[in-house]
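What follows is a single structure, written as structure tokens, with notes after it.
The values are calculated or read from the model by the stated rules, or taken from the named source; none is laboratory data. It should be emphasised that the depicted structure is a prediction, and the values quoted were computed from it without experimental measurement. No Cβ is skipped: glycine too gets one built from the backbone with ideal geometry, and neighbour counts run over all protein chains shown.
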Amino acid sequence: MLSILSSVWRWRRLVWELARRDFKARYAGSALGAAWAVLEPLVQFALYLTVFSYFLGMRLEGRPGVGLFGVYLISGLVPFLAFQESVMRATGLARERAQLVRHVNVPLEVVLAGALTAVLARHGVALLLVVGVAAGFGTLAPAGLPWLLGGLVVLVVGVFGLGLALMIGGAFLPDLVQLVGTATTILFFATPIVYPVTALPRRVASWVAFNPVWGGLHCFRVALLGEPPEIGSFVLAAASAALALAIGTLVFKLRRSQVPDLL
């Protein structure tokens, strides 16, 4: 792992340039350009809030306000969508950047770091919007900000570890992109993101704590909604992220030399 990180650091200027180009390419040709990085999440937040709060009438138990449920909703959506887009992008990245890998001989970990930096930067803008919304509704808990930082660390470590393995796997198995997309969709609905935990049957709710994604997402809600921290869930999420990093590093080190030939 240290050799991978040192390689990313040595090539940090290229990582930044790849991330910058990736960020700009997403909005290339549009009249508003990078302004969509703000407008896009705002439109998504408004749609989810309208459907789940007003049309379906979903509320938090003991906290009936529509705005409070809106903060609950988007505080879970932002980190999950960052996770989902990161792993999806990593899975198809080797084939997407085949020319760069084969002819320029850029290390795979540098290509991955650049792509993930761009993805996380876009969702970082959305997170700042959520913090502003939470502050506006008076739910932001400054004492919970260390938990928010912990959630961010778990997210970054987890997606980089998974990205290392999925980048290699996607080079060997093109269908892995569809498999990962289906798996993350199932995971989205299996995690209390668009519904509160209290909406689940008691037997099902007891298993939520064993969902490592939930442990990471809940850290964001500790800071943004003032919810009590769940230390056990956070420990599980952190351990899962560390395990993903260890397995991803192993897969990457064993198989990365074969990737240029596959492409």
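Here are the numbers for the structure shown:
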quantity: Count of residues meeting criterion [of a type in the set (Gly, Ala, Ser) and more than 20 Å from the chain's Cα centre (by Cα)] in region 117-141; calculated: 4
quantity: Residue within region 228-243 that is within 27 Å of Gly170 (Cβ to Cβ), surrounded by fewer than 16 Cβ atoms within 10 Å (Cβ to Cβ) and not hydrophobic (A, V, I, L, M, F, W, C) present; calculated: no
quantity: Any helices (runs of 4 or more DSSP H) falling wholly within region 142-207 and containing at least 3 residues that are under 14 Å from the mean Cα position of the chain (by Cα) and surrounded by 21 or more Cβ atoms within 10 Å (Cβ to Cβ); calculated: 145-172
quantity: Meets criteria (of a type outside the set (A, V, I, L, M, F, W, C), within 30 Å of Trp11 (Cβ to Cβ) and in a helix (DSSP H, G or I)) for Ser75; calculated: no
quantity: Any hit, region 22-43, residues being among the basic types (Lys, Arg) and at pLDDT 75 or above; calculated: yes
quantity: Of all residues making up region 104-132, the number that are within 13 Å of Tyr72 (Cα to Cα) and surrounded by fewer than 20 Cβ atoms within 10 Å (Cβ to Cβ); calculated: 1
quantity: Qualifying residue in region 208-217 (condition: touching a Gly at 6+ places or on another chain (Cβ under 8 Å) and surrounded by fewer than 17 Cβ atoms within 10 Å (Cβ to Cβ)); calculated: yes
quantity: Output for region 126-162, where each listed residue is of a type in the set (A, V, I, L, M, F, W, C), over 29 Å from Leu2 (Cα atoms) and in contact (Cβ under 8 Å) with a residue 12 or more places away in the chain; calculated: Ala126, Leu127, Leu129, Val130, Val131, Val133, Ala134, Phe137, Leu140, Ala141
quantity: Flag if Ala121 is in a helix (DSSP H, G or I), farther than 29 Å from Ser7 by Cα and not basic (Lys, Arg); calculated: no
quantity: Val101 vs. criteria farther than 30 Å from Arg221 by Cα, in contact with a Lys or Arg (Cβ under 8 Å, 6 or more places away or on another chain), part of a helix (DSSP H, G or I) and not basic (Lys, Arg); calculated: no
quantity: Subset tally (residues that are modelled with pLDDT of 85 or more, of a type in the set (Gly, Ala, Ser) and over 14 Å from Gly158 (Cα atoms)) for region 68-89; calculated: 2
